[in-house]
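The values are calculated or read from the model by the stated rules, or taken from the named source; none is laboratory data. All figures in this text were calculated on a predicted structure; none of them were measured in a lab. Positions of Cβ are backbone-derived with ideal geometry, glycine not excepted, and every protein chain shown enters the neighbour counts. Surface areas here come from the heavy atoms of the whole protein model, side chains and all, with no ligands, DNA or RNA. Shrake-Rupley method; radii C 1.70, N 1.55, O 1.52, S 1.80 Å.
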Amino acid sequence: MITNIKSKLQNLSLRNMLILAFSCFIVIPFFIIGGTLSWLYMQSNRGMVLEAAVDNNKQIVKNMDASFNPLLRLSMFPEHDPTIFQIMKKDYAALPYPLYEREKDFDAVGGIIRNSMMLYTDLLDSVLIYQNKNHIVVGRSNNDYMNHRYLEMEFYNEPFVQNILKKQGLVVPVGIHPERLMSTRSAPVISIGRAIVDPYSKEILGLIMLNVGIDKLKTLWSDIRFTDHTRFYLIDENANVVYSNDPSEYGKPASEVLGQDVSLISEEGQQTRENRTSYFITSTSSVTNWKALTIIPKDELFSFVNTIVRTIFIALMILLALSIVASVYIALSITKPPCGF
């Protein structure tokens, strides 16, 4: 076969050999240099775009942590306010006028909550202070509605309440749950809870819960979607969906929403994984230990880079065709017999 190719090359006319030589000098460097540079450009830009998506996910977590930090400080308010702290230690059954004392203290604590705590941050939806000794609410942010049956029969036994009390004064982020005590609609909320502890006797006096509605929570990332069909999920400590682009998925297990893709959620602080169609970018909050998950379709993420590469390729192919035509014209001009012969 090699012999046949050599024989054919030797039998070429001078004109065809010049055309072939010019074409090779153009085509071979074009594919080697142009192909290498195009590949390097595409890989570099894809890396930059993916890094930007990862930074975008990190920024969401930073926004969330920065907004939650004031709530952590606010949860210590009852222990530092002398009025609330003294009320938390009262045994109303031992007082001569228990109903009068409860009503007076309820108004006092409610006033402190509304005039001090609720003004501290716009993120708060409601605040509740619960006293252990008498199993009553000694103060709340609104006086409109309270489910007394739920308070008496179920509230104290809720797993998140028991978890807050068990932590003995440590901050406890509570993932998505229905607000059944002060909401007529059992609206979904997340909470920051802390047990109120007597620093001297170490007695647990009660707890404070700072509730944040999902509608307020989503303002922390509603304006930073990366592509048109990017999906964002916030997943709590119980692997339930706190936030999704689809409100019907609030509170559902992540395994139910994501299916088999739930295995791509990293247990580490920051991780980028992928399947055939999408990237899964995970960041973990240092305050709540919840996970922010961004799912970005690959075709959308790299659509701009792919468009540029296609445009460059088409332009280079046109330039290559013109260069070959020019080489043919030059070869024909060189091999054209002089006039008069």
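Could you please state how large a percent of the accessible area of region 84-164 is carbon and sulfur, counting protein chains only and using a 1.4 Å probe?
49 percent
Sorting check: for 246-253, 123-130, which peptide has the highest mean count of neighbouring beta carbons within 10 Å, and how do the rest follow? Each step should come with its number before you reach the end.
Numbers: 246-253: 13.9, 123-130: 23.2.
Top to bottom by mean Cβ count within 10 Å: 123-130, 246-253.
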Two pseudo-spin positions, 7 Å from Cα along C-beta at residue 260 and at residue 143, lie apart in nanometres by 5.9 nm
In whole Hz, the Karplus estimates of ³J(HN,Hα) for region 118-135 (6.51, -1.76, 1.60; θ = phi - 60°; x where Gly or Pro) are 5, 8, 6, 8, 7, 6, 5, 9, 7, 9, 9, 10, 10, 9, 6, 4, 9, 6
For region 157-277, the per residue accessible area (1.4 Å probe, Å²) is 50 Å²
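Over the alpha-carbon set of region 119-163, divide Rg by the Kirkwood Rh and report the Rg/Rh ratio to two decimals.
Details: Rg = 11.8 Å, Rh = 12.0 Å.
Ratio of gyration radius to Kirkwood radius: 0.99.
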Long-range share for region 83-124, i.e. C-alpha pairs more than 14 Å apart as a percent of all pairs, stands at 53 percent
Most packed first (mean Cβ within 10 Å per residue), the peptides 114-120, 164-170, 95-101, 292-298 order as 292-298, 164-170, 114-120, 95-101
With 0.36 nm assigned to each residue of separation and the Cα-Cα distance removed, residue 66 to residue 83 gains 3.2 nm
Taking a crude spin-label model, label points 7 Å out from Cα along the C-beta direction, the residue 123 to residue 326 distance in nm is 6.2 nm
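What pairs in 133/166; 90/202; 58/166 have C-alpha atoms more than 24 Å from each other?
Details: 133/166 16 Å; 90/202 16 Å; 58/166 31 Å.
Those over the limit are 58/166.
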Once both label points are put 7 Å beyond Cα along the C-beta direction, the residue 252-residue 239 separation in nm becomes 1.6 nm
